[in-house]
Amino acid sequence: MKRPPLFYRTVYDEAALDDCFHDLIHAQMPDQDKIEVGCLIQYFMLLKTNGLMELPIDITKHRQGEGPDFTICDGTGLVGAEMTKVTTADYQVWLKRRLNYRPIRDLSAYMEYRPEQRVAALAGLRVLRKNYKIENYYASVPEMSACDLVLEEDGDCSMNTSVLMEKLQHEISKLRVQRYRQISMLSGSVLYYAINTPAAEIIYAPEIRPDWLKPQRNMLLTPPTTAWH
């Protein structure tokens with residue numbers, strides 16, 4: 001007998017979505033599932049901010065080994081959403097052996113886009129490995145019409161976003177089989193959305209700092225006044 005999912009919620013509007021995220025964060029579940037929840041929330045917030053997600057939807061958090069991490073049901077049908085880390089230790093070891101990767105020790109090496117090459121290679125391998133697991137997701141949730149993959153990278157402030165998107169597209173295009181409807185990657189506050197489709201774009205998280213907290217350029221340029229003469 002199949003066990004109930006870890007979490008299920010129908011979301012009708014944006015206020016309900018915020019409540020859903022709050023309850024997801026505080027739900028009782030293993031640490032690995034908590035990591036996936038954090039990734040989903042960041043992904044969804046960026047989609048919502050850019051008008052790429054429509055409500056209402058049903059959100060289900062599945063147990064490990066019983067489907068993709070999440071399934072989302074909207075007006076177009078039921079779609080899986082699998083979350084996975086890119087820069088795990090085992091993939092770092094693999095890349096070092098295959099590409100003879102060495103740490104960058106001087107700034108001139110950045111001209112060759114070494115960080116972008118490294119992340120793109122890791123992402124390509126991760127997608128390749130995940131391709132073999134997608135049949136398990138469909139077996140567990142046969143009513144799914146498609147499944148999306150969201151990669152999560154720890155973030156590297158030195159990376160050029162345009163270059164990284166180009167290299168990600170190149171690495172993923174080399175895979176003989178594309179098993180996921182959309183492949184996206186979260187890196188820091190940037191979402192590389194739908195990398196493997198014509199709808200690919202780079203989405204940046206909105207600026208959340210209030211105006212009064214931002215540095216005022218005219219104040220910085222104004223010379224100090226002398227109070228005593």
Could you tell me whether residue 172 is β-branched (Val, Ile, Thr), over 18 Å from residue 190 (Cβ atoms), surrounded by 11 or more Cβ atoms within 10 Å (Cβ to Cβ) and modelled with pLDDT of 80 or more?
no
Hits in the stretch 169-189 (condition: of a type in the set (A, V, I, L, M, F, W, C), without any contact (Cβ under 8 Å) to a residue 60 or more places away in the chain and within 16 Å of residue 84 (Cα to Cα)):
172, 183
Checked the stretch 136-156 for anything assigned to a strand (DSSP E or B) and surrounded by fewer than 17 Cβ atoms within 10 Å (Cβ to Cβ); matches are 146
Determine whether residue 159 is in a loop (DSSP other than H, G, I, E, B) and either within 17 Å of the chain's Cα centre (by Cα) or without any contact (Cβ under 8 Å) to a residue 12 or more places away in the chain (or both).
yes
Could you tell me which residue of the stretch 25-51 is surrounded by the fewest Cβ atoms within 10 Å (Cβ to Cβ), considering only residues that are touching a strand residue (DSSP E or B) at 6+ places or on another chain (Cβ under 9 Å) and within 13 Å of residue 81 (Cβ to Cβ)?
47
Checking residue 82 against (1) surrounded by fewer than 18 Cβ atoms within 10 Å (Cβ to Cβ); (2) in contact with a Leu (Cβ under 6 Å, 6 or more places away or on another chain); (3) modelled with pLDDT of 90 or more, which single condition isn't satisfied?
(1)
Might you check whether a residue that is under 17 Å from the mean Cα position of the chain (by Cα) and exposed (fewer than 12 other Cβ atoms within 10 Å of the Cβ) occurs anywhere in the stretch 56-76?
no
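The values are calculated or read from the model by the stated rules, or taken from the named source; none is laboratory data. Note that this is a predicted model, so its numbers are computed, not measured. A quick note on method: Cβ atoms are made from the backbone with ideal geometry, for glycine too, and the neighbour counts reach across all protein chains shown.
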